[in-house]
Amino acid sequence: MVRIGVLSLQGDFLEHIEILREMGVEPVVIKNVADLKGIDGLIIPGGESTTIGSLVMMRRLERPIKELADSGTPIMGVCAGAVLLAKKVIDRVVGETSQVRLGLMDMTVIRNAFGRQVNSFMTELEVEGVGRVRAAFIRAPAIVETWGSARMIAYVNHLRLGRFGAAALQDSILAISFHPEITSERKVYNFFLSMIKK
Amino acid sequence: MKLVNSYEFLEKLNNLIYSLLELRDSIRDEGGEVIPIREAVPLVRYGFISMFKGGVIMDVTNEEQAGIAEDAGAVGVMVLDKLPYDVRMAGGVARTADLNVILKVMESITIPVSAKCRIGHTEEARLLERIGVDLIDESEVLTPVDEKNHISKWDFKVPFVNGARDLPEALRRICEGASMIRTKGEPGTGNVAEAVRHMKFVSRDIATLRGYFISGDYEAVWYYSKENKVPYELALLTSKLGRLPVVNFAAGGIATPADAALMMWLGSDGVFVGSGIFKSQDPENRARAIVLATSFYDDPETVVEAQRMVSEKVAMMGIDLRTLKPEQLMQVRGG
């Protein structure tokens, strides 16, 4: 059985675990370095990126996760997870932040790009390789720039704010700014699972 | 309203429609596809609250404290005029915090900012929504303005959290549109006893309902809903799910990492810390330690590590519940 780790320090890891179980994949709760052994993929869930980042550092998970990525194990970062994956992070209000991050992807994200919680929204969009999905953007980050081997695979057109990157792919690392677990969007998980080398 | 006001309104509407059309056309010109955006629908409200799970929301009274909370790894802050302990000491009427202070906090940190409004005070809630607060706590810590009715929370785009002492109270608040529940505990006492009592009441009722569902006794679910004045659909949903249908945090009296871990063991999805942090003499360490203990509550070694980051000598003094007169209890406000 395929074993997918879900980083369970803070955030909505339960929703990811439940949907993986429903799909016949074995979810593995990741809280310590030892838990990372023997997993076929890793999901970094949504939550507060500053909280997850500081817990990642306190538990010294930074280097082991980087090694996991270097070994070609697929990683999916959702919302806060995408923020943690980015090399460069800017907050819409506060500006460039020095928050802890993994910095595995060649991209710049803007935190809270669409505004505060009252501006959180639902929409539909097309993701390259996945198809059309229902997307929940919750105090979501936007991917504004990619370089190197990273490239955008989805955009969202916001009537007031314009067009932003909503998902990016770099080799076997996937960053998504919306929440597939909130809308039970299995297509996204199937796409992620297909990245696992047989 | 005068007739000319409607002209002004129509003119604005006209401008709005044209600006939207122009935007749409410019997106089409760039080859983009225009799709509807639905803002602040219930799903993104419940979803937003879901992101708080396993985290700590800290009470703060100014931007310095908010900065300390953010650096310590809080998932959010709650802005108050006075910490619950000080509300208790000061007496008088407790109202929502200074809007200018809330705005300053919103500008200085990146994590969600919540604020409290009085029970039943729809206008305070409207003001908080208007300035862009991420979550409103309709709280018994402030002086209620309506003892009989809570705010109709479905009318708002911003999510609400409400306190509850038992399952029926929690389900009634969810029925009114609350997106999140917390135990009431006894705020500002530094004594977690009441929060423990309330969390156990909630869990036991859920276990009972779950039992009815497993044994197929829907009549008992119906009787439970009638007896306890809660909608049948919500009682049934709870019995199917085997947990509260929304995120449930612990609040009221949490003062140490061990308190936080205890509440997580009892089934909380996360914790609110009110006076516990900024009424202690070691707020930075204590905030960090409570964050660690909440996330790793099921790992005794880490909770020990967290508990050793704080000293009992500098914890908040706390209040013995037995010394409080019945009229000094906050948990009985709004049933």
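Only the coordinates and a few stated rules stand behind these numbers; no lab work does. Small disclaimer: the values here were computed from a predicted structure and weren't measured. All Cβ positions, even for glycine, are placed from backbone atoms using ideal geometry, and neighbour counts span all protein chains on display.
Data for the structure
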| quantity | calculated |
| --- | --- |
| Packing-based ranking, highest mean first, of A:183-190, B:23-30, A:102-109, B:118-125 given that Cβ atoms within 10 Å are counted | A:102-109, B:118-125, A:183-190, B:23-30 |
| Inter-label distance, nm, simple model (7 Å from Cα along the C-beta direction), residue B:20/residue B:240 | 3.5 nm |
| Over 17 Å [Cα-Cα, segment B:152-240], rounded percent | 52 percent |
| 222 nm mean residue ellipticity, helices alone, for chain B (DSSP H n ≥ 4; -39,500 (n - 2.57); rounded to 500) | -14500 deg cm²/dmol |
| Centroid-to-centroid separation of segment B:139-183 and segment B:1-55 [C-alpha atoms, Å] | 28 Å |
| Nonlocal amide H pairs with residue A:41, under 5 Å, H built at 1.01 Å | A:5 |
| Relative exposure of A:155, B:7, judged by other C-beta atoms within 10 Å (fewest first) | B:7, A:155 |
| Size of segment B:84-225 as Cα extents on the principal axes (Å, biggest first) | 54, 33, 32 |
| Residues B:6, B:239, B:114, sorted so that the one with the fewest Cβ neighbours within 10 Å comes first | B:6, B:239, B:114 |
| For segment B:192-335, the Rg and Dmax computed from alpha carbons only, in angstrom | 18.1, 54 |
| Mean ellipticity per residue at 222 nm, deg cm²/dmol - from DSSP H runs of n ≥ 4 across chain A, formula -39500 (n - 2.57) | -6000 deg cm²/dmol |
| Environment charge of residue B:247, counting only residues whose C-beta is closer than 13 Å and scoring Lys/Arg +1, Asp/Glu -1 | +2 |
| Total formal charge among the other residues, if their Cβ is under 14 angstrom from that of residue B:162, Lys/Arg +1 and Asp/Glu -1 | +3 |
| Compactness index (Cα Rg / 2.2 N^0.38 Å), segment A:3-194 | 0.93 |
| For segment B:42-327, convex hull volume per residue from C-alpha positions, Å³ | 126 Å³ |
| Separation of the residue A:37 and residue B:204 label points, Cα + 7 Å toward Cβ, nm | 4.3 nm |
| Virtual spin-label span in nm between residue B:149 and residue B:265, 7 Å along Cα→Cβ | 4.4 nm |
| DSSP-defined antiparallel bridges as percent of all bridges, chain A, nearest 5 | 55 percent |
| Amide proton proximity set for residue A:162, modelled H, under 5 Å, gap of 5+ | none |
| Volume in Å³ per residue [convex hull over Cα atoms, computed for the protein assembly as shown] | 163 Å³ |
